[in-house]
Amino acid sequence: MDMSKNMNQKLDFSGAIYRRMMQQLSVIDRFKGNWEALELKQSKHLKELRKIATIESIGSSTRIEGATLSDKEVDELLKSIKIKKLTSREQQEVMGYYEALQVILDNYTELEISRRYIHQLHGILLKHSTKDEHHKGQYKTLSNQVAANYPDETRRTIFRTTEPHLTSKEMDTLLKWTKQRFEKADIHPVMVTAVFVYEFLSIHPYQDGNGRLSRLLTTLFLMRQGYGFVQYVSFEHIIEERKEDYYRSLMEGQQNRYKETERIDSWIVFFLDCLVTLIRRLEAKYETYSKLTKELNERQEQIIEFISKRKKVRISEVAEAFKEHSRNTLKKDLAYLADEGLLIKTGERKGTRYHYKK
């Protein structure tokens, strides 16, 4: 397969579509250029943002594939993992996704775009899944297909995928093309990432775990190309919110798979739209933290941090934690933070509670 020629056909876009993509890429690269300075200013808040994004990413990516655990349940599972046995497939998938994502976030500069490393990530992803023991970390041996799981428990086939005997060759071709594009920089790196994900899902190289692994690889590729801000807002969560668009944009290209009429403009526009949405959400979070940094004194910032860990507190709990300050001063702080929309106040008198607002 001459993938370069084949890809030129798939990337043959109309003028209007091309202009839209360029506008999206302009937003993405402008934010990338500004992010380093923003990251330094808000470095103390990024740990919390990454934690929230990690929980959302795990929950959303597993739910897209049919799991049902909420973000809260995912968070509780991860907190209790040292004392809790992974008894259900959903729990096993959550832990596998968490461990694979942590490997990427902590080691993305060392993880090469190669068959070896992708096999390793697939093995980590399915590490705890007893059902997948026989095929983790190796390409499929049986035909599979992309199917969508819906809230009403229905399952719908989206498209057929590459047959097992062709999988290894097509993956090698895709990996070679992707590495060349990143090295030569003749196609925008975000576009290359979008193309890779489309092709990876079309091949569906593993017996199971392809959708989850494609989203992990999205994070890996973007971070390797300098788009490190993706770790602070969940890309997977945005895809979950637009699940129907996600499958529809894939199907529009897939319906003409292996034909000269195969185009992937709908998929790339969708992919770029999701990344722009991620940026807008990160900008909003940044503005919130900028407001905190600018207007709150050190004591009020400490109160916010205290409540963010507890999620919900009584005035007496705040007073106990900040004994060096008077109860009256702390009550005024809590009232101010609630008025500014940084905390949510519920109840009255002894029943008053203050909740952390994400």
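The values are calculated or read from the model by the stated rules, or taken from the named source; none is laboratory data. Remember, it's a predicted structure, so these values are computed and weren't measured experimentally. Glycine also receives a Cβ, built like all others from the backbone with ideal geometry; neighbour counts cover every protein chain displayed.
Enumerate the pairs (first residue in the range 180-197 and in a loop (DSSP other than H, G, I, E, B); second residue anywhere and of a type in the set (A, V, I, L, M)) with beta-carbon separation below 6 Å, excluding pairs fewer than 6 apart on the same chain, so at least 6 apart or on different chains.
As it stands, the answer is HIS188/LEU25, since those pairs meet every condition given.
Which of the residues that make up the range 308-321 are touching a Phe, Trp or Tyr at 6+ places or on another chain (Cβ under 8 Å), assigned to a helix (DSSP H, G or I) and modelled with pLDDT of 90 or more?
ILE315, VAL318, ALA321
For the range 316-328, enumerate the residues that are more than 19 Å from LYS350 (Cβ to Cβ) and either touching a strand residue (DSSP E or B) at 6+ places or on another chain (Cβ under 9 Å) or surrounded by 12 or more Cβ atoms within 10 Å (Cβ to Cβ) (or both).
Listed by number, the residues that qualify are PHE322, HIS325.
Filtering the range 1-57 down to residues that are over 22 Å from GLN180 (Cα atoms) and not in a helix (DSSP H, G or I), which residue is modelled with the lowest pLDDT?
GLN42
Which of the residues belonging to the range 202-214 are buried (at least 23 other Cβ atoms within 10 Å of the Cβ) and either under 16 Å from ARG50 (Cα atoms) or hydrophobic (A, V, I, L, M, F, W, C) (or both)?
LEU213
Among the residues of the range 329-351, count how many are farther than 21 Å from GLU287 by Cβ and surrounded by 14 or more Cβ atoms within 10 Å (Cβ to Cβ).
So the count comes out to 5.
Might you check whether a residue that is free of Cβ contacts under 8 Å to residues at least 24 places away in the same chain and touching a strand residue (DSSP E or B) at 6+ places or on another chain (Cβ under 7 Å) occurs anywhere in the range 133-145?
no
Which one of these is over 20 Å from THR193 (Cα atoms), of a type in the set (A, V, I, L, M, F, W, C), in the same structural domain as LEU213 (by TED's automatic domain parsing) and modelled with pLDDT of 90 or more: ILE124, ILE104, ILE118?
Going through ILE124, ILE104, ILE118 in turn, just one is over 20 Å from THR193 (Cα atoms), of a type in the set (A, V, I, L, M, F, W, C), in the same structural domain as LEU213 (by TED's automatic domain parsing) and modelled with pLDDT of 90 or more: ILE124.
Out of SER114, SER14, SER88, report the one residue that is in contact (Cβ under 8 Å) with a residue 40 or more places away in the chain, hydroxyl-bearing (Ser, Thr, Tyr) and either farther than 21 Å from ARG224 by Cβ or touching a Cys at 6+ places or on another chain (Cβ under 7 Å) (or both).
Testing whether each residue is in contact (Cβ under 8 Å) with a residue 40 or more places away in the chain, hydroxyl-bearing (Ser, Thr, Tyr) and either farther than 21 Å from ARG224 by Cβ or touching a Cys at 6+ places or on another chain (Cβ under 7 Å) (or both) leaves just SER14.
Test PRO151 against the criterion of being modelled with pLDDT under 90 and surrounded by fewer than 18 Cβ atoms within 10 Å (Cβ to Cβ), and give yes or no.
For PRO151, the condition - modelled with pLDDT under 90 and surrounded by fewer than 18 Cβ atoms within 10 Å (Cβ to Cβ) - is met.
Residue by residue through the range 94-140, note down the ones that are among the hydrophobic types (A, V, I, L, M, F, W, C), in contact with an Asp or Glu (Cβ under 9 Å, 6 or more places away or on another chain) and outside any helix (DSSP H, G or I).
Matches in the range 94-140: LEU126 only.
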